[in-house]
Amino acid sequence: MSVEQRVKEIIMDELGVDEAAVVPGASFINDLGADSLATVELVMKFEDEFDIKIEEEDAEKITTVGSAVDFIKKQLGE
Amino acid sequence: MKRRVVVTGMGVFSTLGTDVEEFYNNLLNGVSGISSIERFDTSEISVKIAGEIKNYDPEKYFEKNEAKRLDRFTQYALIAAESAMKDSGLDLDSIDRNRFAVITASGIGGMETWQSNHKILLEKGPRRVSPLFIPMMISDIAAGRISMKWDLKGPNFSTTSACSSSGHAIGTSYRTIQYGDADFAICGGAEAVITDLAIAGFANMKALSTRNDEPQKASRPFDKDRDGFVMGEGSGMLILEEYEHAVKRGARIYAEIAGIGFSGDAKDIVAPDPEGDGAKRAMLAAVADAGIKPEDIDHINTHGTSTPTGDIPETLAIKKAFGDHAYKIAINSTKSMIGHLLGAAGAVELIGTIKAVQTNTVHPTVNLDNPELPVCDLDYTPNKSVKRTVNYALSNTFGFGGHNASILVKKFEG
């Protein structure tokens, strides 16, 4: 499964949103109904799923679907 | 000036039903909700029974995503609150929601959430502890969640006094409306601590019955063969409303809350005062608060836990408070059928007490085969419900720490 697809599924599961809403430009808080705690949870799920460590200053910049995918890909060296 | 306060809605989520009528009929019929624990492996624990709600599916009541963010106790609270709201027939759009109090109780709070996050801490380290751990675990969160669900913006908090927590929540709600700080209150309690950690803790205190082979006979208040209480779980919620408002809108009024009595034992961290002095003073304070005489009390729904140390002092307290009249009072214990719901006990049991006052029926104390004589010689309504006029009733709850709360219910005649 591609990074995009895995990220998408985590977001759908965590935020309870439809696949169609999970587009690269979608903001977790403004578009997908997340609150600040849910975004922290999302970052934890990304760390678990991809076995990476996301430092707090990086986590703060992961606010959209696209920024999550880009960050994770970079971490994985893709 | 003190205002009158009536009960216009009730909701329950319990082993004996999720509907007040069903719940009360089961109580009248002496049905037991106690069974073997299925939720966790009990092989290493001496206690293997509880009043456990079976086949509970959170997704029947909540969106999957929402359920994940609610501890079980808050889920139970929201389900019972929803039933009580519906039952009240209140049109929230026609009232001032700033005048709607939410005062709920939990003796412990989100124990399952606590345990699952502690496991994560040990296994994966602090970075993996959920950001929702604290807001899911804290015992006041049910009150917050209820307020958010219905946009209720009056006084909002929770009470914690162990097994008397919801007695204090309801009593405080009564005062809040009586003295004009709100016109409505949703109040009650929720508890969900049938977990290995909690059962082990209570079991090691020797507080729980180990009659594992006969779950339905394990909770036997006032019986000489009682050996401890049985853990229960669930929620009870009530809608209290200022009397004039309820009458004006043509609400169905179950009964009136006419008095409350709170007291402290100042004796022991877990055992009640052996002489029952605190319990006696709580009951008499409720009677005085209602402006009636002790002889007016027809029915007492006891705390009646089925513990060796609890039932005798409560009986002594009733005798000291009511004298010879104690023998004319129909007494019972709801815990004989549903076990002990800790911080939800006061609310769930008060619902039964209110039904007793409304319908002139008193549910039995089941498993009362051989009363603990010579002390326990009152009429505990053994094993079979009775019909009798109930104009005034008391419902007692007492908690670890020496907390006592007694709520006085008066028949409403419109």
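Of all residues in the stretch B:311-355, count the ones that are within 20 Å of B:LYS293 (Cβ to Cβ) and of a type outside the set (Val, Ile, Thr). Count: 12.
The C-beta contact set for the stretch B:354-368 (first residue within 22 Å of B:ALA218 (Cβ to Cβ), second residue of a type in the set (Asp, Glu) and not in a helix (DSSP H, G or I), distance under 8 angstrom, 6+ apart or interchain) comprises B:ASN367/B:ASP223; B:LEU368/B:ASP223. Applying the criterion of being out of contact with any strand residue (DSSP E or B) (no Cβ under 6 Å at 6 or more places or on another chain) and not in a loop (DSSP other than H, G, I, E, B) to the residues of the stretch B:270-305, the residue that is most open to solvent (accessible area, probe 1.4 Å) is B:GLU295. From the list A:ALA34, A:ALA38, the one residue that fits, being touching a helix residue (DSSP H, G or I) at 6+ places or on another chain (Cβ under 9 Å), within 9 Å of chain B (Cβ to nearest Cβ) and under 13 Å from B:ASN65 (Cβ atoms), is A:ALA38. Condition test on A:GLU9, is it open to solvent by 30 Å² or more (accessible area, probe 1.4 Å) and in contact with a helix residue (DSSP H, G or I) (Cβ under 9 Å, 6 or more places away or on another chain)? Taking the combined requirement at face value, the residue satisfies it. For the stretch A:19-33, a tally of residues being part of a loop (DSSP other than H, G, I, E, B) and either in contact with a Lys or Arg (Cβ under 6 Å, 6 or more places away or on another chain) or modelled with pLDDT of 95 or more (or both) returns 10.
Return yes when A:ALA38 is open to solvent by 60 Å² or more (accessible area, probe 1.4 Å) and of a type in the set (A, V, I, L, M) and no when it is not.
So A:ALA38 fails the test.
Scanning the stretch B:122-136 for residues that are among the aliphatic types (A, V, I, L, M) and within 13 Å of another protein chain (Cβ to nearest Cβ) gives B:VAL129, B:LEU132, B:ILE134, B:MET136. Mind listing whichever residues of the stretch A:41-63 are part of a loop (DSSP other than H, G, I, E, B), surrounded by fewer than 17 Cβ atoms within 10 Å (Cβ to Cβ) and more than 10 Å from chain B (Cβ to nearest Cβ)? Correct list: A:ASP51, A:ILE52, A:GLU55, A:GLU60, A:LYS61, A:THR63. Among the residues of this structure, B:LYS280 counts as one that is among the basic types (Lys, Arg), within 22 Å of the chain's Cα centre (by Cα) and either at pLDDT 95 or above or not assigned by TED's automatic domain parsing to the domain that holds B:MET337 (or both).
The criterion of at least 3 residues that are closer than 25 Å to B:GLY339 by Cα and in the same structural domain as B:LEU16 (by TED's automatic domain parsing) is met, among helices (runs of 4 or more DSSP H) falling completely within the stretch B:187-267, by B:196-204, B:215-218.
Figure legend. Inter-residue proximity from the stretch B:49-71: first residues free of Cβ contacts under 8 Å to residues at least 60 places away in the same chain and away from every other protein chain (no Cβ under 14 Å), second residues surrounded by 15 or more Cβ atoms within 10 Å (Cβ to Cβ) and part of a helix (DSSP H, G or I), beta-carbon distance below 7 Å, spacing 6+ or different chains. Indicated pairs: B:TYR61/B:GLN75; B:TYR61/B:ILE79. Scanning the stretch A:13-29 finds one or more residues that are away from chain B (no Cβ under 14 Å) and of a type in the set (Ser, Thr, Tyr).
The values are calculated or read from the model by the stated rules, or taken from the named source; none is laboratory data. From a predicted model like this one, the values you see are computed outputs, not experimental measurements. Glycine also receives a Cβ, built like all others from the backbone with ideal geometry; neighbour counts cover every protein chain displayed. Surface accessibility is based on the protein's heavy atoms, side chains included, excluding ligands, DNA and RNA. Shrake-Rupley method; radii C 1.70, N 1.55, O 1.52, S 1.80 Å.
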